[in-house]
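Worksheet for the structure shown next.
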Amino acid sequence: MSCDKNKEQDSLLSPGISMELANYRRQQVSNVVYNLSFSIPRNKDEAINSQLGLDLQINNLLHPLYLDFNCDSTYIKQVVVNQKQIPVNHQQEHVIIDPQYLKIGKNRIDIKFNAGELSLNRNDDYLYTLLVPDRASTLFPCFDQPNIKAHYVLDINAPKDWEVLCGSHLDAKENKGDYTSYKFKKSDLMSTYLFSFVVGDFKKVSEQLDGFKMNMLYRENDPDKIQTSVREIFKLHHQAVLFLEDYTDYKFPFQKLDFAAIPGFQYGGMEHVGAIQYRESSLFLDDNATQNQKLRRCKLIAHETTHMWFGDLVTMNWFDDVWLKEVFANFLADKITNPAFPEINHRLNFMNEHYPSAYSEDRTKGVTPIKQNLDNLKNAGTLYGNIIYDKAPIMMRQLEALLGKEAFKKGLRKYIKKFAYSNADWNDLIGILDAETKEDLKQWSEVWVNQSGRPIISDSIVYQNDRIQSFEISQHAEDGSSNVWPQVFSLGLVYKDSVKCVPIQLNKKHQTINTLRGLPKPQSIIYNYDAFGYGVFPLDGSNLNSIPNIKDDVARGYSYINLYENVLAGNIQPAKALETLTKGLSSEQEELVLNTIIGYVSSIFWDYIPHEQRAIQETTLEAILIKRLLDDDLSPSFKKTLFHLFESIAYSESGKNTLYHIWDKSLTIHNLNLNEDDYTSLACTLAVFNHPKADSILQQTLETISNPDRKKRLEFLLPSLSNNEKERDDFMLSLSKAENRDKESWVLSALQNIHHPLRQESAKKHLKMCLDLVEEIQRTGDIFFPKAWLSTTIGNYSSEFAYQTLEQFLQDNPGFPEVLKNKLLQAADGVCRAKLIRDKWQ
């Protein structure tokens, strides 16, 4: 009996949090309260002395109590259980409390420890925690799984001139010499990954809208950005709350909605209960911001606010359903954004936001389903990506269309009410939605949610006497599986003076569309005219130059997306596609479509046309862009969008000369309004383009930056911008040490500089090191960093050398973790596509 018991205990003990351990603890403990105290010194190199008082109910003692603490054992100073000090037992990332010290019922565990540093994000004069998905255990001992929700009672001792923000209201504040003690009230119930605090030298501002008070911490010092942004930031949060309260029929569920704007924050935002964190540059915009920047800010705020209901109030049971909170955050954020921008075509914006991003992963050999398996939370960070953020909202829109908007909303209201302050999974939601429809949602979701990939759509049309005699649409899975995606979309039959839009409901591999029989033969057929369907659609390669002439913005925008996907599939020659995109660039009047065109022009220009053709194309593009920039009738936002493309491709002598004179302000363009960030970006571009005055340009730029955080960022980037190859090499090698990768967003900008296409001949020698570091980067970096690291290194390449490096790495590392291999294949898809395109067209 004793031996069997020890085996069971051993089976629960392993690095990370296994599903077996999580399932056991879910029924072992309840009524958890973390009483946490952190004493934060002014010097970031000093340890943070901390204490945990853990109150909990223990329901059985079949196994020891395992607390997750992913730090060195020396961080633990003392463990007291039910008022009795016990030996410290810390193994395989867990503090182990033997059953002999515990009892059935209420227990109290007190631990003195030094706070773990991995997720503290300590800077000279501020710090912030970021604990998603399993990083709470790198900060303090806890049950770091989403389905053990707890209350938190937080005490923080911090330098007296610093601000403190967390998920609950302040209870008491006491000055103690150079430090101030903050005691906060008990928090709402939340999962460990949603607990947070921000401490440091921040400004604080408050707003109260319709009786709803919000506070914001920020460090921005640009008066124009502050004047233009602060009120708007509060207003967008308030509008999001009002929409969600109405849509869910559930009042705002937590004590407060405060937020902090943080320089260089790793993500756009993070939905901590009562204390959302944002990247400061995403929130603070000036009058010169583009339409796209304003839309993205609104959607970001809507996304994080939606999480208060979907993710924070109702949380996934296990991180394999992390996509469930993200799909609702993005899907409902689109709905929230619509009324805030009534002048915007929101079907077009939905298409721009989600389709290119979803396709960028779904077309790759590293493709994953929306719902992925997860055996241990230590791998939870690898689940994040474009599939859950962008394919899932497309899927959800199809599901809403299947049920009807009212039935869909009714189901979500039931879901929120039933699982409030608790946990749920996809099957729980499908069970509720199933009651609102006659459709078999479980079968429907099997392919959309549990299977990976996308369909390739084809057609077979027979004409007789200039009329359609038969019209068959077929689909097959791009990955060769037998999957069939039930979906709806529309066809646009283009005639001389009109377009007939025909709805299609496709649910088979081969389907005859009888509604088209007998119709006159069209001049052309535009697939996915409403941008509602999903996949790669047929495209008439002989009629590409008609795309810029399509009148409907959505149909035209999606046709550009479909054009690009057909290029990557090898169906369309890149040079021909670039010709069509260039024509569109010279005539496009809709800024959202222009954004799509610009992205694809840049991609094909740098990655998919031969180097010897690039200079010719650059001359053409430069002339078109200069002509449009000099058009006095274009808006500032439109011109700035055009300028971003010009800046990215104008590496010729004439182009660099123009960029230089814009930078030194000897050349001004009407309605092209640039701010300090734009001039900094321009200086960096001139350095990468090897302008002869690059050093002085960078030095002058550094001297003019007024914001200390942005100044530090440019100082960090300077070695990556150097025209001295050894200096760039030394910087690149320094990134092999984790401490030099702390500012992840800065690191990614530096990698873009070093691995820019114009510098790849000197940088390619670092590719093997970049690949060799990926496993360590997953352990030490935040959730998006491994994929972003790969995207900004090997993902920037299209050469044969990069392809061979990738192949050799995969051959030499047969045991490379599957989850990271998927990330690599996603990031390096362009390398493989370039190989396919070279073999076919060159």
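Here, each number is a calculation from the coordinates, and none is a lab measurement. Since this is a predicted model, take the numbers as computed values, not measurements. With ideal geometry, Cβ positions are generated from the backbone for all residues, glycine too; neighbour counts draw on all protein chains shown.
In the range 450-601, the inverse of the mean reciprocal separation of distinct Cα atoms equals 16.1 Å; this is its Kirkwood hydrodynamic radius. Each helix, a run of at least 4 DSSP H residues, gives -39500 (n - 2.57); summed and divided by the residues of the chain, these come to -13500 deg cm²/dmol at 222 nm. Starting from the Kirkwood Rh over alpha-carbon pairs, what translational D in µm² s⁻¹ does the range 108-198 have by Stokes-Einstein at 25 °C and 0.890 mPa s? Calculated translational D: 175 µm²/s.
What does the highest-first list of 602-609, 89-96 look like by mean Cβ count within 10 Å?
Details: 602-609: 20.1, 89-96: 17.9.
Taking the mean over residues of other Cβ atoms within 10 Å, the ranking is 602-609, 89-96.
Pairs of Cα atoms under 8 Å, at least six residues apart: use those to get the relative contact order of the range 725-842, whole percent.
Details: 92 pairs, mean separation 30.9, N = 118.
Here the relative contact order equals 26 percent.
For the listed residue pairs 186/823; 371/414; 693/821, the alpha carbons are over 30 angstrom apart in 186/823; 693/821. Taking packing as the residue-averaged number of other Cβ atoms within 10 angstrom, the listed peptides 478-486, 406-414 run from highest to lowest as 406-414, 478-486.
Using the beta-carbon distance between residue 19 and residue 98 and R0 = 30 Å, what value does 1/(1 + (r/R0)^6) give for FRET efficiency, to the nearest 0.05?
Working: r = 24 Å, r/R0 = 0.79.
Step by step, r from the Cβ atoms, then E = 0.80.
Using a cut-off of 15 Å between beta-carbons, work out the net charge of the residues near residue 421 (Lys and Arg +1, Asp and Glu -1, residue 421 not included).
+3
Of the peptides 734-744, 687-697, 170-180, 376-386, how do they stack up when ordered by the mean number of other Cβ atoms within 10 Å, highest first?
On the way: 734-744: 14.8, 687-697: 17.2, 170-180: 11.4, 376-386: 21.5.
Taking the mean over residues of other Cβ atoms within 10 Å, the ranking is 376-386, 687-697, 734-744, 170-180.
Once you list every other residue whose beta carbon is under 12 Å from the beta carbon of residue 536, what net charge do they have if Lys and Arg are +1 and Asp and Glu are -1? The partial results should precede the final answer.
On the way: positive: 363, 454; negative: 362, 478, 565.
The answer is -1.
With viscosity 1.567 mPa s and temperature 4 °C, the Kirkwood radius over alpha carbon pairs of the range 725-842 converts through Stokes-Einstein to a diffusion coefficient of 89 µm²/s. Could you tell me how many degrees, from 0 to 90 and to the nearest 10, lie between the Cα long axis of helix 392-403 and the main elongation axis, the longest principal axis, of the Cα atoms of the chain? Computed tilt is about 80 degrees. Each label was represented as a point 7 Å from its Cα along the Cα-to-Cβ direction; for residue 775 and residue 49 these points are 4.0 nm apart. The lysines within cross-link reach of residue 294, meaning a Cα-to-Cα straight distance under 19 Å and a gap of 8 or more places when in the same chain, are 225, 235, 335, 639, 640. Shape summary of the range 202-309, radius of gyration then Dmax from alpha carbon positions: 13.1, 39 Å.
Seen against the Cα atoms of the chain and their longest principal axis, helix 19-28 is set at about 50 degrees.
Taken along its principal axes, the alpha carbon cloud of the range 556-628 reaches lengths of 29, 27, 14 Å, longest axis first. Within the same chain, lysines fewer than 8 places from residue 743 are excluded, and of the rest, those with a Cα less than 20 Å from its Cα are 44, 711, 712, 787. Give me the Kirkwood hydrodynamic radius of the chain, using the inverse of the mean 1/r over all pairs of distinct Cα atoms, in Å to one decimal. Value: 28.8 Å, from the Cα pair sum. Modelled label positions at residue 438 and residue 724, each set 7 Å beyond Cα in the direction of Cβ, lie 7.6 nm from each other. Report, as a whole number in µm² per second, the diffusion coefficient that Stokes-Einstein gives for the range 317-450 at 37 °C and 0.692 mPa s using the Kirkwood radius over alpha carbon pairs. It comes out at roughly 208 µm²/s. In the chain, what % of DSSP beta bridges are antiparallel (nearest 5)? Expressed as a percentage, antiparallel bridges in the chain total about 80.
With Cα atoms as the point set, the radius of gyration and Dmax of the range 1-199 evaluate to 16.9, 59 Å.
Which entries in 149/391; 405/442; 251/418 show an alpha-carbon gap greater than 25 Å?
In this structure, 149/391 lie more than 25 Å apart at Cα.
Listed by chain and number, the aspartates and glutamates placed with their C-alpha closer than 15 angstrom to that of residue 500 are 530, 552; residues fewer than eight positions away on the same chain are left out. Computing Rg and the Kirkwood Rh from the Cα coordinates of the range 30-135 gives a ratio, Rg/Rh, of 0.99.
Let me spell out the model: positive unit charges on the Cβ of Lys and Arg, negative unit charges on the Cβ of Asp and Glu, origin at the Cα centre of the chain. What dipole size does that give, in debye rounded to 20?
On the way: 94 positive and 110 negative charges, 263 e Å.
My answer is approximately 1260 debye.
What net charge do the residues around residue 359 carry, taking every other residue with its C-beta under 15 Å from that of residue 359, with Lys and Arg at +1 and Asp and Glu at -1? Net of charged neighbours comes to -3. Compared with the dominant Cα axis of the chain, that is its longest principal axis, helix 708-721 is turned about 60°. Using the empirical formula 2.2 N^0.38 Å as the baseline, the Cα radius of gyration of the range 455-533 reaches a ratio of 1.12.
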